[in-house]
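Enquirer: Structure provided below as structure tokens; questions to follow.
Readers should treat all values here as calculations from the given coordinates under stated rules, not as data from a laboratory. These numbers were taken from a predicted model, which means no experiment stands behind them. All Cβ positions, even for glycine, are placed from backbone atoms using ideal geometry, and neighbour counts span all protein chains on display.
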């Protein structure tokens, strides 16, 4: 999530390849990749989800033997059974990608790509131990996730959900001037926990709302030119919490980030603050968030990610008027999913060829 200038350039390259019809030209470079050296047998690839975009599957099928899991939701038993003897995975869902799956495939497994930006469901140390390259699909989903982040921010700040409830319960007040007042985005300070590619894309969109400045908390400082572009300043976590009118979580779930947004953190935020999470649900201590929202310790929240997923219909968060919830829709546009599948396919093909992946995870 903490992007470098190099990752931004890679993202631009990916977008050029996809946006300018270079899928076909790029695929031609992959011809004969899937034929094993000195043999007529083709490499075998398992696609672990039946809804991986057809464009990606067709790309793999040009020279490879492709098997697609048919169950929906994907049945792990079917995945493990069809994994036997394959040389690569295009891992299309969020099933655990661990030693069990690798063992099911066998020692000939050469390459894996997820169709996601986050890889918290992948046993990365195990893949590294076996020297299996892993690809993923960040950057290409930045725009879609940034759009939903801004949508959640505005919806939570301007009380969209609560307003809908007022209409439904016949409590629409027309006689008061101070009814349903929300928070202004104009001249606000926006804090980011994580300031990589997605966060920077959000910042780009927010610049059109005449915000005052951006504070961000990351392990490493981003490039100086990025800070200048977004009027951003790296600060410690407590400073970011205390000074931000809006706080956006755009960090992956790791041992270091798990549960850092807890009662202590919420106690340091402004009472008028709006929290947005498009990172991972586990970065937030959800019971503590519930209490902070219920007691108006913070103003509101907009969440695209939560714990667990799916969220049970009796979860306490659903009883609150000042939280906007959407079911992990960040990258859920047709164009974005197609692009993610295409990049994952290129990752797999390059991995099979022994070449650097188009978008490596490590």
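Enquirer: Explain nothing, just the number: relative contact order of the range 63-115, from Cα pairs under 8 Å at least 6 residues apart, as a whole percent.
Expert: 39
Enquirer: Could you tell me how many degrees, from 0 to 90 and to the nearest 10, lie between the Cα long axis of helix 5-19 and the main elongation axis, the longest principal axis, of the Cα atoms of the chain?
Expert: Taking Cα atoms only, the helix is inclined about 70 degrees.
Enquirer: Between 256, 58, 81, find the one with the highest GNM mean-square fluctuation for the chain; connect C-alpha pairs within less than 10 Å.
Expert: Looking only at 256, 58, 81, the largest GNM fluctuation is found for 256.
Enquirer: In a GNM of the chain with a 10 Å cut-off on Cα contacts, which of 247, 86, 274 has the highest mean-square fluctuation?
Expert: Answer for the Gaussian network model of the chain: 86.
Enquirer: Full-extension gain between residue 229 and residue 318, please, as 0.36 nm times their residue separation minus the C-alpha to C-alpha distance.
Expert: Answer, rounded to one decimal: 28.2 nm.
Enquirer: Between the helical axis of 334-352 and the dominant principal axis of the chain, each derived from Cα atoms, what acute angle in degrees is found, rounded to the nearest 10?
Expert: Between helix and principal axis, roughly 40 degrees.
Enquirer: Can I ask one more? Rounded to the nearest 10 degrees, what's the angle between the helix 197-206 long axis and the longest principal axis of the chain, both from Cα atoms, 0 to 90?
Expert: Once rounded, one gets 40 degrees.
Enquirer: Let me ask another. Under the 0.36 nm per residue contour assumption, what length would be gained going from the current alpha-carbon distance of residue 123 and residue 179 to full extension?
Expert: Going from the current span to full extension adds 15.1 nm.
Enquirer: If packing is taken as the average number of other Cβ atoms within 10 Å across a peptide's residues, how do 164-172, 258-266 rank, most packed first?
Expert: Answer by packing, highest mean first, reads 258-266, 164-172.
Enquirer: If each residue of separation counts as 0.36 nm, what is the full-extension length gain between residue 256 and residue 362 once their alpha-carbon separation is subtracted?
Expert: In short, 36.3 nm is gained.
Enquirer: While we're looking at this one, here's another question. Can you tell me the relative contact order of the range 263-333? Whole percent, Cα pairs under 8 Å, sequence separation 6 or more.
Expert: Relative contact order of the range 263-333: 34 percent.
Enquirer: Assuming R0 = 56 Å, can you tell me the calculated FRET efficiency for the pair residue 212 and residue 72, based on Cβ-Cβ distance, to the nearest 0.05?
Expert: With a Förster radius of 56 Å, E is 0.75.
Enquirer: Considering only DSSP beta bridges where both residues belong to the chain, give the percentage that are antiparallel (nearest 5).
Expert: 5
Enquirer: Quote the FRET efficiency, to the nearest 0.05, computed for residue 272 versus residue 81 with a Förster distance R0 of 45 Å and r equal to the Cβ-Cβ distance.
Expert: 0.25
Enquirer: Counting DSSP beta bridges with both partners in the range 142-325, what percentage is antiparallel, nearest 5?
Expert: The antiparallel proportion sits near 0 percent.
Enquirer: Quick one, can you get me the convex hull of the C-alpha atoms of the range 142-325 expressed as volume per residue in Å³?
Expert: 118
Enquirer: Next up: Taking only Cα atoms and a 10 Å spring cutoff, compute GNM fluctuations for the chain and point out the largest among 285, 142, 347.
Expert: 285
Enquirer: Testing the spin-label approximation: label points 7 Å from Cα along Cα→Cβ at residue 171 and residue 131. State their distance in nm.
Expert: Using points 7 Å along Cα→Cβ, the separation is 6.5 nm.
Enquirer: Counting only C-alpha contacts under 8 Å and six or more residues apart, can you give the relative contact order of the range 142-325 as a whole percent?
Expert: Over the range 142-325, the number comes to 23 percent.
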